[in-house]
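What follows is a single structure, written as structure tokens, with notes after it.
The values are calculated or read from the model by the stated rules, or taken from the named source; none is laboratory data. Here the structure is a predicted model, which is why all the values come from computation and not from measurement. Glycine also receives a Cβ, built like all others from the backbone with ideal geometry; neighbour counts cover every protein chain displayed. Note: accessible area is taken over every heavy atom of the protein model, side chains too, but ligands, DNA and RNA are not part of it. Shrake-Rupley method; radii C 1.70, N 1.55, O 1.52, S 1.80 Å.
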Amino acid sequence: EAEIYALRARDRSQSAESCWLLGMARQHQGDTEGARQYWEETVARDPNYVRAIRELGRDALVRQQPEEALRWLLRSQEIAPDDKGTLQALIATYRRLGQEEEARNTSERLKSLQE
């Protein structure tokens with residue numbers, strides 16, 4: 001039901017928020033391709049929408065594309081350096097790429113934010 005309202009909001013405005021919400025709804029329903037399409041639309045509407053950029057990075061990591069994930073996540077970190085979700089995803093991505101020093105540094109950064 002929430003998806004119906006988000007679709008209406010998306011059609012009536014240029015808001016990035018409604019597209020992001022649709023992406024989250026699709027993800028919760030197991031439709032990762034649909035989620036990715038809405039998150040890409042979100043970023044097209046607002047190139048600095050961190051939540052969508054972060055989700056695109058996480059999605060790429062799940063799809064076993066760590067290089068693509070890193071591009072998205074670094075972009076997210078550039079916009080919002082203290083975003084804990086981005087930092088967590090970056091740690092996993094660096095580990096997947098075998099970049100242990102970067103993973104440790106990012107982990108230390110995350111710990112310092114949590115203190």
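Annotations
- Hey, Ser13 surrounded by fewer than 16 Cβ atoms within 10 Å (Cβ to Cβ) and not β-branched (Val, Ile, Thr) or not: yes
- In the stretch 31-83, the residues that are of a type in the set (A, V, I, L, M), open to solvent by less than 50 Å² (accessible area, probe 1.4 Å) and over 18 Å from Arg96 (Cβ atoms): Ala35, Val43, Val50, Ala52, Ile53, Ala80
- When we screen Leu90, Leu97 for residues that are farther than 27 Å from Arg10 by Cα, touching an Asp or Glu at 6+ places or on another chain (Cβ under 9 Å) and surrounded by fewer than 18 Cβ atoms within 10 Å (Cβ to Cβ), the only hit is Leu97.
- Residues of the stretch 10-27 satisfying the condition of being part of a helix (DSSP H, G or I) and among the small types (Gly, Ala, Ser): Ala16, Ser18, Gly23, Ala25
- Residue satisfying all of: in the stretch 71-104; touching a residue at least 24 places away in the same chain (Cβ under 8 Å) and assigned to a loop (DSSP other than H, G, I, E, B); nearest to Pro47 (Cα to Cα) among these: Ala80
- Qualifying residue in the stretch 28-41 (condition: polar (S, T, N, Q) and assigned to a helix (DSSP H, G or I)): yes
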